[in-house]
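J.: Supplied in structure tokens, the structure appears directly below.
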Amino acid sequence: MEIKEKNGHWIRLGVFLITAVILSNIFRFDWLGIKVLLEKLPVWIYLPLWVFLEGSGVFIGALIGLYLLRKERKTEFSFFGTSRSKALLMSVIPVVLLGVIGVKNEYGIQENAYGLLAVVASLIYCVMEEYGWRGYLQEELKELQPLKRYLLIGFLWYVWHLSFLTTATVYENLFFLLMLLIGSWGIGQVAVSTKSILASACFHLVVQIMMFNSLIKNGLDGTQKLIVLGVSVFLWIIILGKWKKDYSQRENL
């Protein structure tokens, strides 16, 4: 039985990683050359669609991995986790902030409207990724010691991006790897305390806004990014504190 479970573990991991890397990067690197065709669509259709395609591999891989894993044991993480209302409240905060601040863009869209479009599309993308890295992979590797688990997740997260195949320098790749290792620990802690993929995606989103998000990064100045980061994280810490307290009280009843 133990050998069978171990074989199932490696099969699930293999299916997840192969699906995530190949399918997502077909679109992230536009290997099929379809981006130029999709760009002919209205912007409000093209941008969310392209974001969905870029995140499709890790999301589909996660769904397959979770389906197979749940045949073996019960999993802990879900979309809302242990509090639907608090997870939704967390997600509303950056959406409101970007809608109010607005985001400059090259599409000629009014800045506040584009801010809403970009942040909602980006949050959906982060949810898709989080289904992979936290929803499936953190669950699959839960038997590992925390340090080993977060290091492995961060490394696989880095490999998935294939940034070492781009023009990025060695220094840039090492910095990116370090950020993902730290992120796998930090977001992993949020996932453990809330059991929520949506709450994890919120923290993923602010990291993207600060550094990597192609829809937003050039449309906000440094001060605006710091406002989004500061206000979001401040309010999230309050929400998470209340979340933990309420959950502990329910568990002790």
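Only the coordinates and a few stated rules stand behind these numbers; no lab work does. Just so it is clear, the model here is predicted, and its values are computed rather than measured. Note that we place each Cβ from the backbone using ideal geometry, even for glycine, and neighbour counts take in every protein chain shown.
J.: Quick check: net charge around Glu130, other residues with Cβ under 15 Å of its Cβ, Lys/Arg +1 and Asp/Glu -1?
T.: Once positives and negatives cancel, what remains is -3.
J.: Turning to a different aspect of this structure: Could you pull out the trypsin sites (Lys or Arg not before Pro) across the range 1-70 that fall in loop regions by DSSP (anything but H, G, I, E, B) with no more than 16 other Cβ atoms inside 10 Å?
T.: Lys40, Arg70
J.: Find which of Ala199, Leu98, Leu116 sits farthest along the positive direction of the dipole of the chain, computed with +1 on the beta-carbon of Lys and Arg, -1 on that of Asp and Glu, about the Cα centre.
T.: Working it through, the farthest residue towards the positive pole turns out to be Ala199.
J.: Could you calculate the contour length gain from Ala168 to Arg84, that is, 0.36 nm times the residue separation minus the distance between their Cα atoms, to one decimal place in nm?
T.: Extending this stretch completely gives an extra 26.3 nm.
J.: What does the charge count around Met210 come to, taking other residues whose C-beta lies under 10 Å from its C-beta (Lys +1, Arg +1, Asp -1, Glu -1)?
T.: Charge balance near Met210 sits at +2.
J.: Can you flag which of Lys71/Lys148; Lys148/Lys244; Lys104/Lys217; Lys104/Lys225; Lys86/Lys242; Lys35/Lys225 are past 19 Å Cα-Cα?
T.: Lys71/Lys148; Lys148/Lys244; Lys35/Lys225
J.: Let me ask something additional. Taking the Cβ of Phe27 as the centre, find all other residues whose Cβ is under 15 Å away and add up their charges (Lys, Arg: +1; Asp, Glu: -1).
T.: Around Phe27, the surrounding residues sum to -2.
J.: May I ask for the longest run of the chain untouched by GluC sites (Glu not before Pro) that are loop-located per DSSP and have at most 14 neighbouring C-beta atoms (other than their own) within 10 Å?
T.: 144-253
J.: Using the Kyte-Doolittle scale, which helices in the chain average at least -0.5 and also have C-alpha atoms spread 30 Å or more along the helix axis, with helices defined as whole DSSP H runs?
T.: For the chain, where a helix must reach 30 Å along its axis and average at least -0.5, the hits are 2-28, 43-69, 170-194, 222-252.
J.: If you don't mind, another one. Putting +1 on Lys and Arg Cβ atoms and -1 on Asp and Glu Cβ atoms, find which of Val127, Leu53, Thr82 reaches farthest to the positive end of the dipole of the chain.
T.: Positive-end residue among those listed: Thr82.
J.: Where in the range 118-132 does the amide nitrogen come within less than 14 Å of the point 7 Å from the Cα of Val43, taken along Cα to Cβ?
T.: The answer is 118-119, whose backbone nitrogens lie closer than 14 Å to the label point.
J.: Still on this model: Can you pull the one-decimal nm distance between simple spin-label points at Glu76 and Val92, each 7 Å off the Cα toward Cβ?
T.: Computed distance between label sites Glu76 and Val92 equals 2.8 nm.
J.: A further question on this structure: Under unit Cβ charges (Lys, Arg +1; Asp, Glu -1), what dipole magnitude, rounded to 20 debye, does the chain have relative to its Cα centre?
T.: Here the chain has a charge dipole of around 680 debye.
J.: Of the trypsin sites (Lys or Arg not before Pro) in the range 72-146, which ones lie in a loop per DSSP and count no more than 15 other C-beta atoms within 10 Å?
T.: Passing both the DSSP loop test and the Cβ count: Arg73, Lys74, Lys104, Lys142.
J.: Give the label of the value calculated from the structure for Rg and Dmax of the Cα atoms in Å, choosing from [x] 18.5, 60; [y] 17.3, 51; [z] 17.6, 66.
T.: Looking at Rg and Dmax of the Cα atoms in Å for this model, the match is [x].
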